[in-house]
Structures are given as C-alpha cells and as structure tokens.
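Chemist: Quick one: structure below, then a few questions.
No lab work stands behind these numbers, since they all come straight from the coordinates. This one's a predicted model, so the numbers in the text were calculated from it and none came from an experiment. Heads up, the Cβs are rebuilt from the backbone with ideal geometry, glycines too, and the neighbour counts pull from every protein chain shown.
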Amino acid sequence: MTLHIRVIAPDRTVWDADAEEVILPSSTGQLGILTGHIPLLTALDIGVMRVRMEKDWQPIILLGGFAEIENNNITILVNGAEEASEINTDTAQKYLEKATIALTDAKTNRDKIEATQNLRKARARVQAINVLNT
C-alpha cells in the first residue's frame, strides 16, 4: 500500500506520485506520514519535504502552505516549491551566506522579517542538496 502525494503551487503541480513515506516540515516540527495515517490538516513551514520512493529519498523545498492527509492521499498546497535536483550547490551556498549577512545588517522590523524568511529558504535549499548528496 502506498501514499499518493500531490504538491500544488500557485503556478503548477510540482509533484504527483506515489510513495511509501513522506516527512513534512510542519509548523510544529517534522511530521512523518505512513500509510494508514489518521486524517489531518496541518500548516507547513518553509523547509524540506522528504519523500521515500522504494529505498531512495527525494527532497523538495516547500515555501510554506498547508497539507491535508486523508485515506492515504496527501494534498499539499504551497506558496512555492523547488525541486532539489534543479538547485546549483555553489549558488545555494552563496545565497545562504548573503542571507546570513542580510539578517545581521537588517535595521527595521520589516527588513528583519524579510531577511529571516530569505535565510530560512536558503537553509532549506542547502539542506535539500545535502539530502540528495547522502
């Protein structure tokens, strides 16, 4: 028995496939889902969703949203998503460094909030690349 996972962003369907397990970056921490999970609606944070297909883990960066789990179907509505295979390692690392500096240099509350969000996105990209390279 498998889970059917659909990840939908405003501009496209990012993922539509079956898997054995998924780990979601929920707003309260990592949330593991296996077949037979009880119905659930949860908020998602910026982070890496990991999907296990056979023995391999596939990371996908989620930029916040919601997930609904019901009858072995997981529907994930996100503000944005990126596939880790499309991310350049050097670019991601440079973006992380710039985001860290931008947060340190932020003066206003608005700048700090924006810099924090950018830093979380950059960390998720680097984390997803590390999952791919493991």
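Chemist: Which of Asp16, Asp45, Asp56 moves most in a GNM of the chain, Cα contacts under 10 Å?
Modeler: Asp56
Chemist: Let me ask you something else. If you take the C-alpha gyration tensor of the stretch 52-118, multiply each eigenvalue by 5 and take the square root, what semi-axes do you get, largest first, in whole Å?
Modeler: Semi-axis lengths for the stretch 52-118 are 30, 18, 7 Å.
Chemist: By what distance, in whole Å, do the Cα atoms of the chain stretch along each of the three principal axes, largest value first?
Modeler: 50, 30, 27
Chemist: Against the empirical 2.2 N^0.38 Å scaling, what ratio does the C-alpha Rg of the stretch 85-132 come to?
Modeler: After normalising by residue count via 2.2 N^0.38 Å, the value is 1.19.
Chemist: Under a 10 Å cutoff between Cα atoms, tell me which one of Thr116, Thr108, Thr89 has the largest fluctuation in the Gaussian network model of the chain.
Modeler: Its mean-square fluctuation being the largest, the pick is Thr108.
Chemist: Relative contact order for the chain: what is it in percent, counting Cα pairs under 8 Å that are at least 6 residues apart? All intermediate terms of the calculation are to be shown ahead of the outcome.
Modeler: Values: 278 pairs, mean separation 30.0, N = 134.
Worked out over the chain, it gives 22 percent.
Chemist: The stretch 52-107: which trypsin sites (Lys or Arg not before Pro) are DSSP loop and have at most 11 other beta-carbon atoms within 10 angstrom?
Modeler: Sparse-neighbourhood loop trypsin sites (Lys or Arg not before Pro): Lys55, Lys107.
Chemist: Right, another one. Name the most mobile residue of Arg50, Arg123, Arg12, meaning the one with the largest mean-square fluctuation, in a Gaussian network model of the chain with Cα contacts below 10 Å.
Modeler: Arg12
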